[in-house]
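To keep things clear, I will list the structure first and then write my remarks on it.
Computed from the coordinates by the stated procedures, all read-outs in this text should not be read as laboratory data. The model shown is predicted, which means the values in this text are computed figures rather than measured ones. Glycine also receives a Cβ, built like all others from the backbone with ideal geometry; neighbour counts cover every protein chain displayed.
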Amino acid sequence: MGDAASGNEIQQFLTFLLGENVYAFEVSHVREILEVIPITRVPRTPEYLRGVINNRGSVIPVLDVKQKFGMGKTGKGLNTCIIVAELMLGNDALTVGVLSDSVQEVVELDAGQIQPPPKVGAGEGAEFLMGIGKKDDRFIMIMDINHLFNAQELSVVQSSGAL
């Protein structure tokens, strides 16, 4: 828990696995977690856009972050799920589904447990990271969902009719 005297702000993150690595989104962006349901492929979209699902009457694009990162395609396993999250594209809030190998838990981290993302090469490669947290001797790659997909990528999704 946070120490009021130190002024450290506690943040909550939903952790999930992509392969063997632990990633996280801020809890405030997560809307729900779904079991994998049939995904309808949308023609002429990037491979990491696995398709769309119908969630209570809403069409939601499902993105495979693992595939976007070049870590292989997320397969359907016992714990595979879709994290439904909200991101901002300019002034518009967009709801997307993100495939994960499994959802872990909600963790609380204070500012002292989060380091800035590493600079890779000319500062590239970590633009989607808010930081790296450490909990119980494990690193947690904290993603900035608003920078996970750039405007050009999301406009392809929008123009496909998926959004």
- Determine the distance separating the Cα centre of the stretch 23-77 from the Cα centre of the stretch 85-112; give it in Å without decimals. 12 Å
- Looking only at aspartates and glutamates whose Cα falls under 18 Å of LYS119's and that sit 8 or more positions away or on another chain, we get GLU127, ASP144
- Message: Using a Cα-Cα cut-off of under 15 Å, which aspartates and glutamates could be cross-linked to LYS135, ignoring same-chain neighbours fewer than 8 residues away?
- Response: GLU105, GLU108, ASP110
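Sorted from fewest to most neighbouring beta carbons within 10 Å, what does the list ASP144, ASP136, ASP64, ASP92 look like?
Lowest count first: ASP136, ASP92, ASP144, ASP64.
Sorting LYS134, LYS76 on the 10 Å Cβ count, fewest up front, what's the list? Could you put the intermediate results ahead of the total?
On the way: LYS134 13, LYS76 8.
Arranged by neighbour count, lowest to highest, LYS134, LYS76 become LYS76, LYS134.
If R0 is 25 Å, what FRET efficiency do you get for GLU108 and ARG56 from their C-beta distance, rounded to 0.05?
According to the calculation, E is roughly 0.25.
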- Query: What is the Cα radius of gyration of the stretch 10-158 over 2.2 N^0.38 Å, N being its residue count?
  - Reply: 1.02
- Query: Each label point is 7 Å from the Cα along the Cα-to-Cβ direction; what then is the distance between the points at ARG44 and SER28, in nm?
  - Reply: 3.9 nm
